[in-house]
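Have a look at the structure below before the remarks.
The values are calculated or read from the model by the stated rules, or taken from the named source; none is laboratory data. Bear in mind the structure is a predicted one, so any value in this text is a computation, not a measurement. Quick reminder, even Gly has a Cβ in these numbers, built from the backbone with ideal geometry, and neighbours come from all protein chains shown. Side chains are part of the model used for accessible areas, which takes the heavy atoms of the whole protein and leaves out ligands, DNA and RNA. Shrake-Rupley method; radii C 1.70, N 1.55, O 1.52, S 1.80 Å.
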Amino acid sequence: MKTAVEKLSPTRVKLNVEVPFAELTPAIEQATKKIADQVQIPGFRKGRVPSRLVEQRFGRPAIMQEAVNDALPDFYQQAALEAEIRPVGRPEVEITDVPGLDGKDEGDLKFVVEQDVRPEIELPDLSTIEVEIEEPAVNDDAVQVRLDALRERFGTLVGVDRPAADGDFVSLDMVATIDGEEIETVEGVSYRIGEGTMLDGLDEALIGLSAGETTTFTSELAGGDRAGEKADVKVTPQSVKVRELPEADDEFAELASEFDTIDELKADLKVQAERDAEGNRVALARNAFLEKILEELDIPVPESLVAEEISAHLQNEGKPEGDPHGEEIREDTERAIRTQFLLDALLETREVEVGQKDLMNYMAQLSATYGMDPNQFIQMLAQSGQIEAVFAEAQRAKALDVALADVTVKNASGDVIDLGLEGSSSEEGAEAPAEENAPAKKAPAKKAPAKKAPARKPAAKNTTAAAAKSEDAAEATETAAEESPAAKAPAKKAPARKPAAKKTTAAAAKSEDAAEATETAAEEAPKAPVKKAPARKPAAKKTTAAAAKSEDAAEATEAAADTAPAKKAPAKKAPARKPAAKKTTAAAEDSTES
């Protein structure tokens, strides 16, 4: 097979591929057998029809079309690997010549692929980079915040005879109407004023109302068949209550903890605060480091990828294509993609190994982010085929920490802060530290758009960082189902985009480890068989239409300014469409119709 690469832009390439007929022969034989297995011809048992009769009955063009359809994905993957490109998004494939249509076993299959790719990123010498962070303080106030939160858990609700105020608890009834038509009714809903978890305007409407009083406000419905429409909402609080907290004394310490005195409890809370401050210090350093690098580097992003990300975001929010909100999130979307490319570049230049405990802790952190039981969360990931994506994210996070170890981090006073990270500035053969715990927090980009759909797998096999490790994630998940307590996950992190392709053979060599890990994870997690998402097959570009539009939703990596990315669990990917070979002759068209 011959592959010629043409660089169209820093983020897009064209591949001109020629496949000799001899390499297409196995696919032709398989296609003939496939057709024979599907048809019934008098005088022959199903599946026993001779090849020559299949060709006579259905025509050589029909067989060639089937053969090209089945073989094209593998040929594309091989071409992408030989060209050492890092695909992102969906390829556009146009078949320009199909051999053998005239019955002769000669000629070349020729096709052209246009593919968005991750741009080349020249990283600076990280040892010369300095970032400044504001160190989290661990003082009496920090301990008191933790103590008050614990007292809240053991508080009791007591009714009060006064108008509702911010922070009060109410039991309310609501009726929503549009043009006089009752849309929805709820009764006896418990709500704390000020949480903002229900309709916009509800908090303002409730403040000042006593039990039994009614008021009406206008708000946009958040769910149901009429979601997004303005409705008149009548609300009535049936009761108003406040939470009374227990006294912080020795009796409370015995009730709420393993300690006998309040002083012992406070001492333990201080240790917890110091531990969290350490993790927050690392998270702040990560954010500052990424912010600085993104400002210094000009990282281009494919416009088509940005458009797909915005489209997926609008779809997730129930908004139509072209909604003004799409332009509002464009800048954040582009930044999130740049951050993803940067993290991929860091991973590419550092040899990182993620062990079982690394992945276990990482998934425990994610489960805490989504407020789920760790075992249930792991089962969900396995059943939806998302273990690979999470494993790739764990690698990326670890590579970020390895890189961060080479950066000088200072506090506001100019003192160098030791983050306790291990790493190496060597880009050739750098070895990752054998850390036991996954990073506490990671926020790749500020103000990333919320509710993103998970990223689509690039078409090329073994040419992306995720695919290069697509079989690694399993062994690292081996003990996750039974060893991942949520308590070990103080920080939050949402899964990010699947990594772009890598050309390093060392990364591809890791692929065998991940498969074993994913299989074991499924065994360890009850009723959670691992289901790998089907690999995308490139679609043939028809001459009468533009390039086939992607059927998969893309995702822009979401991250908050500091530590809290959007809380949306990874979703199952939809299988890709099977490519159709370009019909090059009238004979091919006739055979298809028959």
| Ignoring ligands and nucleic acids, what accessible area does residue 339 show with a 1.4 Å probe (Å², nearest 10)? | 0 Å²
| remark: Over its alpha-carbon atoms, the stretch 299-356 yields an Rg and a Dmax in Å of 14.9, 44
| field | Relative contact order computed over the stretch 179-271 (Cα-Cα under 8 Å; 6+ residues apart), in percent | value | 17 percent
| How do 133, 183 stack up against each other in accessible area, from largest to smallest, with a 1.4 angstrom probe? | 183, 133
| query | Near residue 128, within a Cβ-to-Cβ distance under 13 Å, what is the net charge of the other residues, with Lys and Arg +1 and Asp and Glu -1? | reply | -3
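Pairs 33/110; 46/110; 7/34; 7/33: which are spaced more than 32 Å apart, C-alpha to C-alpha? Numbers along the way, then the final one.
Values: 33/110 24 Å; 46/110 34 Å; 7/34 38 Å; 7/33 39 Å.
Going by Cα-Cα distance, 46/110; 7/34; 7/33 fall outside the 32 Å limit.
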| In whole Å, how far is the Cα centre of the stretch 186-202 from that of the stretch 369-407? | 33 Å
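In cubic angstrom, how much convex hull volume per residue do the alpha carbon atoms of the stretch 43-202 span? Each step should come with its number before you reach the end.
Details: hull volume 74.2 nm³, N = 160.
Value for the stretch 43-202: 464 Å³ per residue.
Mind ordering 80-92, 369-381 by average Cβ neighbours within 10 Å, highest first?
Output ranking for 80-92, 369-381: 80-92, 369-381.
Relative contact order for the stretch 280-419: what is it in percent, counting Cα pairs under 8 Å that are at least 6 residues apart? Could you put the intermediate results ahead of the total?
On the way: 84 pairs, mean separation 39.4, N = 140.
It rounds to 28 percent for the stretch 280-419.
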| note | Cα extents of the stretch 175-225 along the principal axes, largest first, in whole Å, come to 29, 21, 19
| query | In terms of the Cα gyration tensor, with a ≥ b ≥ c the square roots of its eigenvalues, is the stretch 117-190 rounded because a/c is under 1.5, prolate because a/b exceeds b/c, or oblate? | reply | oblate
| request: Compute the signed sum of charges (Lys and Arg +1, Asp and Glu -1) over the other residues within less than 12 Å, Cβ to Cβ, of residue 221. | output: -4
| query | What residues qualify as long-range amide H neighbours of residue 184, i.e. H under 5 Å apart, gap of 5 or more or another chain, H built at 1.01 Å from N? | reply | 176
| Mean Cβ neighbour count within 10 Å, used as a protection proxy, ranking 303-309, 255-261 highest first | 303-309, 255-261
| field | Restraint check, 270/410; 266/292; 266/410, Cα-Cα greater than 27 Å | value | 266/292; 266/410
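Among residues other than residue 157 whose Cβ falls under 12 Å from its Cβ, what is the net charge (Lys/Arg +1, Asp/Glu -1)?
Numbers: positive: 192, 241, 243; negative: 152, 168, 244.
Residues close to residue 157 contribute a combined charge of 0.
For the stretch 44-123, what does the alpha-carbon gyration tensor say about shape, rounded, prolate or oblate, given a ≥ b ≥ c as the root eigenvalues, a/c under 1.5 as rounded, and a/b over b/c as prolate?
On the way: a/c = 3.77, a/b = 2.68, b/c = 1.41.
It comes out prolate by the Cα gyration axes.
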